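Here's the structure, in structure tokens; my notes come after.
The values are calculated or read from the model by the stated rules, or taken from the named source; none is laboratory data. In this text, all values refer to a predicted model and were calculated from it rather than measured experimentally. For neighbour counting, all protein chains shown are included, and Cβ atoms are generated from backbone atoms with ideal geometry for every residue, glycine included.
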Amino acid sequence: MTTTQPNPSSTRAYDVGRSLSTDYFGLKDQLGPEELDFLLRTRAFVDDEVLPVIGGFWERAEFPRDLVKRLGELGLVGDGIEGYGCAPMSPTASGLVHMELNRGDGSLGTFLGVQAGLAMKSIAMLGSEEQRQRWLPGLAAVDLFGAFALTEPAHGSDSVALETTARRDGEEYVLDGEKRWIGNGSIADVLVVWARDSEDGQVKGFLVEGGTPGLDARTMHGKVSVRAVWQADITLTEVRVPAENRLPGANSFKDTGRVLASTRNSVAWGALGHATAAYEVALAYTRQREQFGKPLARFQLVQDKLVRMLAEVTAMQLYCMRLARLSESGQLTDTIAALAKFNNTRKAREVILEARELLGGNGILLEYHVVRHMADIEAIYTYEGTADIQELIVGREITGLSAFT
């Protein structure tokens, strides 16, 4: 009996220049020339440079420095920030870049989310002109690494209750506290550290340079999701930073929330990238893999799964395109972004699980990519506010009643 085994390299996502096999509603026709260029440029990078090697980096939990450097060289870092070495990028173009990078690997997508979406946007939105000039060009080129230090060991979802303190001492602030799950934290040239001012009790942001005395950043180990990007445990012990390193636009946790809200779009797009990758691999695999004398794709149960997966991916695309258009017109609200993050991360988990089942035993091999996406989506589902938190944000909006207090 013939049991043809697909070639893993042929199950990679769509080839450069071809129409998206997942673009069932023809959404590519809604893209302008510059947006399409960002899509094709990022897709070429993912297919030609990322997919052939990323499994090894993921398995070794090794940070792919050369690949992230290429993001800067290709002009993909900036997330809509204007100037300072950032390529002009519409909300749609930015979303497409996040989608494609996550289609390649969640670690690269997470890196970009931290570098551009959190660290750079904190400086761009809340920093002084001098701070922007000093840090943004190097971060955009990925000559420098940035981190966003908010989460603490005892405060994940309730980050507003953070306990790290900032005490004014002359022309300096003295920071004390602990942070956890800080992406790029152990390699960062600059960390945006959020701390509570001992004078007024408000949460404020501070730019702490890597290597500052009293700053101890240790890479976390034992992580089985987004393994090719590093998170850190950080201890701040009487870390002194010049007063001019305080972000002047960060005067309360509401300002922190503005940065976080601006990144939920990219998480929704990233989840779409993971789901797209899983669907593309599953479709190619089931068309090639033969069992019981015919391709798996000829079985009704398999076609049922593929159609359901496509339906979810297409719905996720519509969410993302509408997010981008609302952002462009200035109509995007925090709750709309929260609903998109909630929906897309949840649906991506389901699509990837279906793909893993369709690949059978091969579904747990890194060379077929799906199991990597299956592990990585767990991080995307959780960070930038868990699905439950997003749900409660929207619930508060539609009922007028808060479940947080």
*How many of the residues in region 292-308 are farther than 14 Å from L359 by Cα and either assigned to a strand (DSSP E or B) or touching a strand residue (DSSP E or B) at 6+ places or on another chain (Cβ under 6 Å) (or both)?*
1
*Give the number of residues within region 172-185 that are over 18 Å from the mean Cα position of the chain (by Cα) and either of a type outside the set (A, V, I, L, M, F, W, C) or surrounded by fewer than 21 Cβ atoms within 10 Å (Cβ to Cβ) (or both).*
7
_I want to confirm something. Restricting to region 83-139 and keeping residues that are of a type in the set (D, E) and in contact (Cβ under 8 Å) with a residue 12 or more places away in the chain, which single residue is farthest from G270 (Cα to Cα)?_
E130
*On the given criteria, is W181 in contact with a strand residue (DSSP E or B) (Cβ under 9 Å, 6 or more places away or on another chain), of a type outside the set (K, R) and under 18 Å from A243 (Cα atoms)?*
no
*asked:* So in region 86-113, with the set limited to residues that are part of a helix (DSSP H, G or I) and among the hydroxyl-bearing types (S, T, Y), which one is nearest to E280 (Cα to Cα)?
replied: S107
*asked:* Taking the condition of being closer than 17 Å to L27 by Cα and without any contact (Cβ under 8 Å) to a residue 24 or more places away in the chain, how many residues in region 266-318 meet it?
replied: 1
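Give region 199-221 a look and list any residue that's under 18 Å from I187 (Cα atoms) and loosely packed, with under 11 Cβ neighbours inside 10 Å, or say none. Lay out the reasoning, then the answer.
Step one: filter region 199-221 for residues under 18 Å from I187 (Cα atoms), giving 206-221.
Residues satisfying the conditions are G211, P213, H221.
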_I need every pair where a residue in region 172-195 that is farther than 10 Å from A149 by Cα has its Cβ under 6 Å from the Cβ of a residue that is among the basic types (K, R) and in a strand (DSSP E or B), sequence separation at least 6 or different chains._
E172/R240; V174/R167; V174/R240
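Can V239 be described as closer than 17 Å to A119 by Cβ and touching a Leu at 6+ places or on another chain (Cβ under 8 Å)? Talk me through it step by step, then tell me what you get.
Working: closer than 17 Å to A119 by Cβ: no; touching a Leu at 6+ places or on another chain (Cβ under 8 Å): yes.
The answer is no for V239.
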*Return a yes/no flag: does region 380-389 have any residue that is buried (at least 22 other Cβ atoms within 10 Å of the Cβ) and either within 14 Å of A275 (Cα to Cα) or in the same structural domain as H98 (by TED's automatic domain parsing) (or both).*
yes
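Would you point out the residue of region 66-80, among those that are of a type in the set (A, V, I, L, M, F, W, C) and crowded, with 24+ Cβ neighbours inside 10 Å, that is nearest to S262 (Cα to Cα)?
Taking region 66-80 and keeping what is of a type in the set (A, V, I, L, M, F, W, C), we get 67-68, 71, 74, 76-77.
Checking the rest, the ones that are also crowded, with 24+ Cβ neighbours inside 10 Å come to 76-77.
On the way: L76: 17, V77: 15 Å.
Step by step, filter region 66-80, then rank; the result is V77.
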